[in-house]
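The values are calculated or read from the model by the stated rules, or taken from the named source; none is laboratory data. Keep in mind the model is a prediction, meaning the values are calculated, not measured. As a convention, Cβ positions derive from the backbone with ideal geometry for all residues, glycine included, and neighbour counts pool all protein chains shown.
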Amino acid sequence: MTKIVLDVDTGVDDALAVMTAALSPDVDLLACTTTWGNIDVDQAARNTHAVLRMVGADDVPVARGAEGPVDGTPPRFSGHVHGADGQGGHADTSYAPVLAEESAVELLLRLSHEHAGELDIVAVGPLTNLAHALEADPSLPERIRRVIIMGGAFLAPGNATPSAEANIANDPEAAKRVIDASWACTLVGLDVTMRQMLTEEHRARLAAGGEAGRYAARILDHYFEFYRGVTGERCAANHDALALGVAAGLVDVALAPEVRVDVDTTRGPSRGSTVADLRGMHRGWPAVEGTRHRVVLEVGAGFEDAMIDLIAGAA
Ligand code: BDR
Ligand code: CA
C-alpha cells in the first residue's frame, strides 16, 4: 500500500481522485489537504469531505490550506470549468465538513515525521500548500519519498494559456519552489492527461452504480460540456485521478524519462510554463546526472476502466 497525502482543490476531476484514493486497496490515504484553485479553499474542503463521506471514508482527515497564491495576488477560480461550487452545480453548499484542527501545512509536516521516508505527496491543485510547507520546514524533502504532481505541459500545449497548465499557471512561484526542492518529483502533465479521456460510456457505467458512482456521473455532466468546447465532443480529461494512479502504481507508465524541469516565473507570455529538458529523446533518453524530476510522457490504457469499476462498485 502506498501511503499518500492528497493535496486537492476539489473540482470535478479532483473528486474522482479523492474517491479513487479512498477506495483503492493499493492506497493508504492518510489525509487530504485542501487548497484554493478550481474554487475557494472553503468550498474545496467542503467538497473533499463530502466526497470522502460518500465513499465511507470520512475518517480521513481533511485540512484547510491556502486561500491564494504565495505572491499575495488575489486568487482566480475556474467556475467555467468545474461550476461555481466546483462540482458542476451538484455540491451541497450548506454541507458542514468536519475539518482537522491543524492547518494543511501543520498536518503535512506532522505526517512527514510520523511516516518519514514512506510518504508520497500527490498534489493535484496549485502548489501553494507545498510551497508554504517547504518554507515552514525546509527539511521536509528529507522525509518525503516522492512528490507526484498533476501539472505541467511538456510536448503538449497548455490549457490555462497556450503553453501553461492550470495548476502551475495558478501559482508559478509556488510551483517553482516545489519543483526546485530536493525531493524526487514526478510530473503527470497534459501530455498524458489529455489523452486519457473519460467518455459517455464511462459516465453511463458510473450512473448505473451506487451513490458515489451516480454522483460522479452527475458532476461529470458539467465537465463534459466544458470539454465539448475544447475537443468538440462530450468527454473529459481524467487529470487528477491519473496522477493518483501513477503514484499508487495503478497506471502502466510506458515512458517517464528523468530530465531537468524548470518553471517560468517571468511575466511574459510563457509565465507558468514548465520547461523540461527533453533533448535526450533523440538519443534514447540517456541518464541525466543529478536530476530528480521524472516527466510522464506515455501511459498504457486501462486505468480509466479500473477507476470506473472502483467508483461505480462502491456501496
Ligand atoms: C488541472 O486543473 C484543474 O482544473 C484540474 O482539477 C486539474 O488539477 C488540469 O489542468
Ligand atoms: Ca485539481
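Residues in the stretch 135-159 that are outside any strand (DSSP E or B) and of a type in the set (A, V, I, L, M, F, W, C) were compared, and the one that is nearest to ligand 2 (Cβ to nearest atom) is Ala153.
Only one of these is at pLDDT 95 or above and in contact with a strand residue (DSSP E or B) (Cβ under 8 Å, 6 or more places away or on another chain): Asp221, Asp240. Name it. Result: Asp240 is the single residue among Asp221, Asp240 that is at pLDDT 95 or above and in contact with a strand residue (DSSP E or B) (Cβ under 8 Å, 6 or more places away or on another chain). Taken over the stretch 63-107, the residue count meeting the criterion of being under 21 Å from Asn129 (Cα atoms) and aromatic (Phe, Trp, Tyr) is 1. For the stretch 283-303, the set of residues classified as under 22 Å from the mean Cα position of the chain (by Cα), part of a loop (DSSP other than H, G, I, E, B) and not charged (D, E, K, R) consists of Leu297, Gly300, Ala301, Gly302, listed by residue number. The helices (runs of 4 or more DSSP H) found wholly in the stretch 1-113 and carrying at least 1 residues that are touching a His at 6+ places or on another chain (Cβ under 8 Å), at negative phi and within 12 Å of ligand 1 (Cβ to nearest atom) occupy 12-23, 79-82. Given Leu250, Leu310, Leu242, Leu297, which one is under 26 Å from Thr161 (Cα atoms) and more than 16 Å from ligand 1 (Cβ to nearest atom)? Answer to the check: Leu297. The condition of being part of a strand (DSSP E or B), surrounded by 24 or more Cβ atoms within 10 Å (Cβ to Cβ), within 11 Å of ligand 1 (Cβ to nearest atom) and in contact (Cβ under 8 Å) with a residue 60 or more places away in the chain does not hold for Ile121. If you go through the stretch 130-173 and pick out every residue that is more than 9 Å from ligand 1 (Cβ to nearest atom) and touching a His at 6+ places or on another chain (Cβ under 7 Å), you end up with 1.
Ser24: buried (at least 19 other Cβ atoms within 10 Å of the Cβ), over 20 Å from Gly210 (Cβ atoms), polar (S, T, N, Q) and more than 12 Å from ligand 2 (Cβ to nearest atom), yes or no?
no
Of all residues in the stretch 40-89, which are of a type in the set (D, E, K, R) and touching a residue at least 40 places away in the same chain (Cβ under 8 Å)? Within the stretch 40-89, Arg46, Asp58, Arg64, Asp71, Arg76, Asp85 meet the criteria.
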